[in-house]
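To start, the structure under review is shown below, and the notes come after it.
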Amino acid sequence: NRRKKKDDSILEIPSIPNPFPELCCSPFTSVLSASLLPKATSRKKQVIKVYSEDDTSRALEVPSDITARDVCQLLILKNHYIDDHSWTLFERLTHTGLGRAIEDHELVMEVQSNWVMEEENKLYFRKNYAKYEFFKNPLNFFPDHMISFPSETNAAVSHSGILQMFLSSSTYPEIHGYLHAKEQGKKSWKKLYFLLRRSGLYFSTKGTSKEPRHLQFFCEFSNSDMYMSLTGKKISGAPTNYGFCFKPNKSGGTRDLKQLCADDEQSRTCWMTAIRLLKYGMQLYQNYMQPYQGRSGCRPLNVTPMRSISENSLVAMDFSGHRSRIIENPTEALSVAVEEGLAWRRRGCLRLNSHGSPIAMSNMGMSIHRSQSWFHHKISREEAQRLILQHGLVDGVFLVRDSQSNPKTFVLSLSHGLKIKHFQIVPLEDDGKLFYTLDDGHTRFTDLIQLVEFYQLNKGVLPCKLKHYCARIAL
């Protein structure tokens, strides 16, 4: 009874009022606004390392849901590069010798999550002019002998018609042709007739027969990524240098790769482009249109896309009069370029070097091009082809290099028609003056800079104008 009376006396003591009632939360009403409370699921940040062609690297702290395009935009801003919508994040698997351009919408952390810890895989930041080139010139990527349309489609299909069929959910053109396939668990390769349809990739067990009973399923693409073989002949003994393969997202090694090899670059480009369109569909078109209209909408297929910054800026101008004018005549542009070059050389002779002696004209002419981004000093023919291939086999991608066979000459390596062609630049001496020429002296230039600038404006003896140069960027 005493304990009961004691408890009753405790309960009867008046409660002390709370001096800060606004800090207390009622079980029924919330005092603090939900927007002021910290979010339970905040964006985590991770560090990634991105490399450039000269093996310099840069570490970036990025959110876990960052896309490949956002990483490119971040590096463009940090390095003050011009955004011409051709920058790409490239994935290279060192152990297997494979590489691919990561699509703009892909999450970088998901790509890295598929890497094996023991392998030194890398992300590269580089230009790829061919990333969306098939939206501009689809007929160059899909030759007539490799593509078939449904029977109800008319024989003549326009540029935009081909793309609409690829992006449509109901119809899809059929890609067909011969490919070399590496037999599972063996070192041998077998040439088979393949067909690409909306349901997947098939090969025929009986010649070129397309009957369902002769078609065997080879691969589907929802749970795998497509890679280009960078060292196919060396690692897997491929019959040609035009290899590509499919790697499952959670692959255990090279045994899970499904490797293919084409006979030429045009065939490989056609297969890989069609498979990209089949796998990603309209997402690729939205990625392509995003630089022009952002994420909000897409432009119709029949609208001509914007030209690149380099194409819009290359025009011959005359500033000698009171008003500037555009020089339309290529012959006049050449003569003006030669006159400006000679005047520049005369002014250069008056400059003094660090020792106080005049700079010799011949020495300046021999070395002035070495500071240009398009010039690569002593690289081999194979290295030049690899650099151009990395930048994309678009008409006009080029570089200038020293000739290995003749140390006094130079070589212009140029991409045209999905092929890489090499043109020799020969030095020519006339009346004590040194010139450079591509056409046996018919068109002469005082230095390599004038030569490159002229062929950026005029096709001349080349199959196309020089549009995009290959450069080794530094991060």
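Quick notes on this one:
- The listed residue being modelled with pLDDT of 85 or more and either farther than 20 Å from Asn249 by Cβ or open to solvent by 50 Å² or more (accessible area, probe 1.4 Å) (or both), out of Leu167, Leu179, Leu163, Leu201: Leu179
- Out of His391, His416, His442, one residue alone is of a type outside the set (Gly, Ala, Ser) and more than 18 Å from the chain's Cα centre (by Cα). It is His442.
- Looking across the range 216-238 at every residue that is among the polar types (S, T, N, Q) and open to solvent by 40 Å² or more (accessible area, probe 1.4 Å), the one that is nearest to the chain's Cα centre (by Cα) is identified as Thr231.
- Residue that is modelled with the lowest pLDDT [pool: residues in the range 100-125 that are over 16 Å from Ile48 (Cα atoms) and charged (D, E, K, R)]: Glu118
- Lone unmet requirement of (1) in contact with a helix residue (DSSP H, G or I) (Cβ under 7 Å, 6 or more places away or on another chain); (2) free of Cβ contacts under 8 Å to residues at least 12 places away in the same chain for Arg370: (1)
- Residue in the range 402-422 that is touching a Cys at 6+ places or on another chain (Cβ under 8 Å) and buried (at least 19 other Cβ atoms within 10 Å of the Cβ) present: yes
- Among the residues of the range 239-255, those that are of a type outside the set (Lys, Arg) and either closer than 21 Å to Arg276 by Cβ or at pLDDT 90 or above (or both) comprise Pro239, Thr240, Asn241, Tyr242, Gly243, Phe244, Cys245, Phe246, Pro248, Asn249, Ser251.
- Scanning the range 429-441 for residues that are loosely packed, with under 14 Cβ neighbours inside 10 Å and farther than 20 Å from Ser413 by Cα yields Glu429, Asp430, Asp431, Gly432.
- Output for the range 317-331, where each listed residue is assigned to a loop (DSSP other than H, G, I, E, B), touching an Asp or Glu at 6+ places or on another chain (Cβ under 9 Å) and either at pLDDT below 70 or acidic (Asp, Glu) (or both): none
- Any chance Leu457 is surrounded by 14 or more Cβ atoms within 10 Å (Cβ to Cβ), out of contact with any Leu (no Cβ under 7 Å at 6 or more places or on another chain) and aliphatic (A, V, I, L, M): no
- Enumeration of residues in the range 376-395 that are in contact with a strand residue (DSSP E or B) (Cβ under 6 Å, 6 or more places away or on another chain) and within 20 Å of Phe454 (Cα to Cα): His376, Asp395
- For first residues located in the range 197-208 and over 12 Å from Ser222 (Cβ atoms), partners that are open to solvent by 80 Å² or more (accessible area, probe 1.4 Å) and lie 6+ apart or on another chain with Cβ distances below 7 Å form the pairs Tyr202/Gln216; Tyr202/Phe217; Phe203/Gln216; Thr205/Gln216.
- Residue tally, condition acidic (Asp, Glu) and touching a helix residue (DSSP H, G or I) at 6+ places or on another chain (Cβ under 9 Å), over the range 422-475: 2
- Count of residues meeting criterion [closer than 23 Å to Ala384 by Cα, aliphatic (A, V, I, L, M) and free of Cβ contacts under 8 Å to residues at least 24 places away in the same chain] in the range 421-460: 1
- In the range 369-383, the residue that is nearest to Lys421 (Cα to Cα) out of those that are open to solvent by 40 Å² or more (accessible area, probe 1.4 Å) and assigned to a helix (DSSP H, G or I) is Arg381.
- Of all the residues in the range 239-267, those that are in contact with a Gly (Cβ under 8 Å, 6 or more places away or on another chain) and open to solvent by less than 10 Å² (accessible area, probe 1.4 Å) number 4.
The values are calculated or read from the model by the stated rules, or taken from the named source; none is laboratory data. Only a predicted model underlies this, so the values are computations on that prediction, with no experimental measurement involved. Backbone-built Cβ (ideal geometry, glycine too); neighbour counts: all protein chains shown. To get the accessible areas, we keep the full protein, side chains included, count just its heavy atoms, and leave off ligands, DNA and RNA. Shrake-Rupley method; radii C 1.70, N 1.55, O 1.52, S 1.80 Å.
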